[in-house]
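Reading through the structure tokens given below for one structure.
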Amino acid sequence: MANPARSILHVGFLLAFSALAGTGVMAITHYHTKDRIEENKRQVLIRGLTSVLPNVKYDNDLIEDRITVGGPDKPGANKSLSIYRARYQGEPVAAVVTTIAPDGYSGPIRILVGIQYNGVISGVRVVEHRETPGLGDAIEAERSGWVFSFDGRSRQNTSPPQWQVKKDGGVFDQFTGATITPRAVVKAVHNSLQYFEMHREELFAVMENAGTADNQQKKSAAASDEMHAETKQQVK
Amino acid sequence: MTSVKTIVYDGLWKNNQALVALLGLCPLMAVTATAINGLALGIATTFVLILTNAVVALIRNHLKSEVRIPMFVLIIASVVTVIELLMNAYLHELYRVLGIFVALIVTNCTVIGRAEAFASKRSVHHSILDGLFIGLGFTIVLLLLGAFREALGYGTIFRQAELMFGEAASHMVITLADDFDGFLLAILPPGAFMGLAVLIAAKKAIDTRIHHRQRTIKVPNVQRVTDSNAPDML
């Protein structure tokens, strides 16, 4: 019979070795796939941005023209959020706000909101969520037409109490068996729209020469530079 | 010596993991709202089964019985993570559809079950074959259940096929009924239980019928019972 201490040691080494080998294989795979995964994510982002600006004519590179905003009144649950700006011949035409609805049924819901310069929503897409399959996932454009009910809405043609699901007295449908999910999305879209309307001029002004001594603009310009460095890294 | 024929028959029919062993039911129920989702997860699971079976069979002589389970878990977790990363890189659209369920293959009891019951005792090539056919058996059930639920729930089969096979496959969608409101229950979780129950019952009915036929041939003077559901014939 083998000595028990030796046997325990043997088993320990065996486990440690397996863990090492497993981690090694994972690390190698991760190393070789990470660039491709990044690129895939970028492609998905481009497609997402394009899909929420269906009838908007623009000629700039959306991914490059991005700012990050913070501040207490910004919508969404994330610390800072990215806004991509669409311009046509230098004139601002629309923006895509990437927001997060914190109060989904099973965790946060990531949403893209395309808003034209005049405050009319051009499109909304849910890009990531963990809502119940078959119930809450009807917020996806592939599964139902629900997200298209935001198209053409603005704060002018839809009053604040109407920015709710029908059950709460608003104009947006809820789903059978799922009210929390659409409620969270409607709220997040509305918050983004409000934020956009309140800060529209500053949001688009950032790229222009920060000649004015406006504090707010300087701050945003700095954030924008930071963002660009980050974007370039990603592209590389 | 395990014959290839037994491995095939066991994997696809006699010991079908979803219909007989009733393992891996969590992903089975969760993703089968459509046929394509079922097919995709089934194929991913098959790859995991083949790889884990191969690795376990390779190192079977170095396993210590006290720690074999943690080692299986380590192997399975590594293989699933690698497959998840590869899918994320090369089949990104599909990866996005299946979401968390690719990672959850780790928790599919079929995988650890085959490692323990088969791969840790058999040769590498038999284990690979076992992984392949157990996986195929599982995939067929996922596909059938998905098609069944999708037909009732959406009135189509193979919707969103383009996610898996590219844009060219979007014509694969078979529309059974136009202007169909959909039977919501079928795509909700209870629909999964009912659909699976129907499949299990169908398999049992077929088994019983085969059993009867064999008995009838062996003992010709026993009157043949026409009711194929009679359980006491066993």
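The values are calculated or read from the model by the stated rules, or taken from the named source; none is laboratory data. Bear in mind the structure is a predicted one, so any value in this text is a computation, not a measurement. FYI the Cβ positions are ideal-geometry reconstructions off the backbone, even for glycines, and counts take in every protein chain you see. In case anyone asks, the SASA skips ligands and DNA or RNA and just uses the protein heavy atoms, side chains included. Shrake-Rupley method; radii C 1.70, N 1.55, O 1.52, S 1.80 Å.
See the values below:
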| quantity | calculated |
| --- | --- |
| Yes/no for B:Gly195 being buried (at least 18 other Cβ atoms within 10 Å of the Cβ) and either of a type in the set (Lys, Arg) or modelled with pLDDT of 80 or more (or both) | yes |
| Filter result (in contact with a Leu (Cβ under 8 Å, 6 or more places away or on another chain), at the interface with chain B (Cβ under 9 Å from one of its Cβ atoms) and open to solvent by less than 60 Å² (accessible area, probe 1.4 Å)) within the range A:24-51 | A:Met26, A:Thr29, A:Thr33, A:Ile37 |
| Residue, surrounded by the most Cβ atoms within 10 Å (Cβ to Cβ), within the range A:120-132, restricted to residues that are more than 11 Å from the chain's Cα centre (by Cα) and modelled with pLDDT under 90 | A:Glu131 |
| Residue in the range A:91-106 that is within 14 Å of chain B (Cβ to nearest Cβ), over 20 Å from A:Leu193 (Cβ atoms) and either open to solvent by less than 80 Å² (accessible area, probe 1.4 Å) or acidic (Asp, Glu) (or both) present | yes |
| Sole residue being away from every other protein chain (no Cβ under 13 Å), under 21 Å from A:Phe17 (Cβ atoms) and in contact with a helix residue (DSSP H, G or I) (Cβ under 7 Å, 6 or more places away or on another chain), chosen from B:Ser78, B:Ser120 | B:Ser120 |
| A:Arg66 being open to solvent by 40 Å² or more (accessible area, probe 1.4 Å), at pLDDT below 90 and more than 30 Å from B:Arg68 (Cβ to Cβ) | no |
| First in the range B:192-203 and farther than 23 Å from A:Leu135 by Cβ, second anywhere and open to solvent by 50 Å² or more (accessible area, probe 1.4 Å) and among the acidic types (Asp, Glu), Cβ under 6 Å, 6 or more apart | none |
| Qualifying residue in the range A:144-152 (condition: in contact (Cβ under 8 Å) with a residue 12 or more places away in the chain and touching a Leu at 6+ places or on another chain (Cβ under 8 Å)) | no |
| Residue within the range B:152-160 that is out of contact with any Pro (no Cβ under 9 Å at 6 or more places or on another chain), more than 23 Å from A:Asp137 (Cβ to Cβ) and more than 10 Å from every other protein chain (Cβ to nearest Cβ) present | no |
| Of residues in the range B:41-66 being closer than 30 Å to B:Ala147 by Cβ and open to solvent by 60 Å² or more (accessible area, probe 1.4 Å), the one nearest to the chain's Cα centre (by Cα) | B:Ile43 |
| Flag if B:Lys64 is without any contact (Cβ under 8 Å) to a residue 12 or more places away in the chain and over 30 Å from A:Leu20 (Cα atoms) | no |
| Test for A:Arg143: is it open to solvent by 40 Å² or more (accessible area, probe 1.4 Å), modelled with pLDDT of 90 or more and either aromatic (Phe, Trp, Tyr) or closer than 28 Å to B:Ala30 by Cβ (or both) | no |
